[in-house]
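Trainee: So that we are looking at the same thing, I have put the structure below in structure tokens.
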Amino acid sequence: MTGTGKTVTRVDLCEAVYQKVGLSRTESSAFVELVLKEITDCLEKGETVKLSSFGSFMVRSKGERIGRNPKTGTEVPISPRRVMVFKPSAILKQRINGNTAPAGNGKDHDD
């Protein structure tokens, strides 16, 4: 697969479930929504969501800091906030880079 710039939407995910799992379109849509809601709910609570062979979603807290408006140079305080980050698994990294060989013991690659 090459980088075509296509964005995968909820509709695309629902269609994939419909085509590959054999649920009805309504059931496929409900299933995708349920999975996304569960992931969202866990992240809201500050839990890490780890999907084996895919990666981990986690929430990190960022403290208050001073930023600078690049146009004016004015210093502006940036308030503390929580951000979501994604860390891909070694297997996903290998697949993205075109190496479809199974991952080894985890000691022979960079993170």
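Trainee: Could you tell me which residue out of 48, 7, 32 lies farthest along the dipole of segment 1-53 toward its positive end? Charges go on the beta carbon: Lys and Arg +1, Asp and Glu -1, centred on the Cα centre.
Mentor: 7
Trainee: What is the local net charge at residue 67, summed over the other residues whose Cβ is closer than 13 Å to its Cβ (Lys, Arg +1; Asp, Glu -1)?
Mentor: Result for the neighbourhood of residue 67: +3.
Trainee: Next question. Rank 71, 87, 20 by mean-square fluctuation in a GNM of the chain with C-alpha springs under 10 angstrom and give only the top-ranked residue.
Mentor: 71
Trainee: In the chain, what percentage of the DSSP-assigned beta bridges are antiparallel, given to the nearest 5?
Mentor: 100 percent
Trainee: Moving on to the next point. Considering the Cα positions of the chain, please state its Rg to one decimal place and its Dmax as a whole number of Å.
Mentor: Considering the chain through its Cα atoms, Rg and Dmax are 19.2, 57 Å.
Trainee: Further question: At residue 30 and residue 15, where each label point lies 7 Å from the Cα along Cα→Cβ, what is the point-to-point distance in nanometres?
Mentor: Distance between label points: 2.3 nm.
Trainee: Continuing with the same structure: Using only Cα atoms, find the angle between the long axis of helix 25-44 and the longest principal axis of the chain, and express it within 0 to 90 degrees, rounded to the nearest 10.
Mentor: Relative to the chain, helix 25-44 is tipped by roughly 30 degrees.
Trainee: Same structure again: Can you tell me the accessible area per residue over the chain, all protein chains present, probe 1.4 angstrom, in square angstrom?
Mentor: Accessible area per residue: 81 Å².
Trainee: Of the accessible area of the chain, with the probe set at 1.4 angstrom, what percent is carbon plus sulfur?
Mentor: The computed percentage sits at 56.
Trainee: Only helical DSSP H runs with n ≥ 4 go in: add -39500 (n - 2.57) per run for the chain, normalise by residue count and round the 222 nm mean residue ellipticity to 500 deg cm²/dmol.
Mentor: After summing the helix terms and dividing by residue count, I get -11000 deg cm²/dmol.
Trainee: Just list whichever of 45/71; 20/62; 37/93; 50/71 have alpha carbons separated by over 32 Å in the model shown.
Mentor: Over 32 Å apart, Cα to Cα: 45/71; 20/62; 50/71.
Trainee: Please go through segment 1-74 and write out the GluC sites (Glu not before Pro) that DSSP classes as loop and that have at most 11 other C-beta atoms within 10 Å.
Mentor: 64
Trainee: Please work out how much accessible surface residue 39 shows to a 1.4 Å probe, ignoring ligands, DNA and RNA, in Å² rounded to 10.
Mentor: My reading of the accessible area for residue 39 is about 40 Å².
The values are calculated or read from the model by the stated rules, or taken from the named source; none is laboratory data. Just so it is clear, the structure is predicted and the values come from calculations on it, not from any experiment. All Cβ positions, even for glycine, are placed from backbone atoms using ideal geometry, and neighbour counts span all protein chains on display. Protein only, heavy atoms only, side chains kept; ligands, DNA and RNA dropped before computing areas. Shrake-Rupley method; radii C 1.70, N 1.55, O 1.52, S 1.80 Å.
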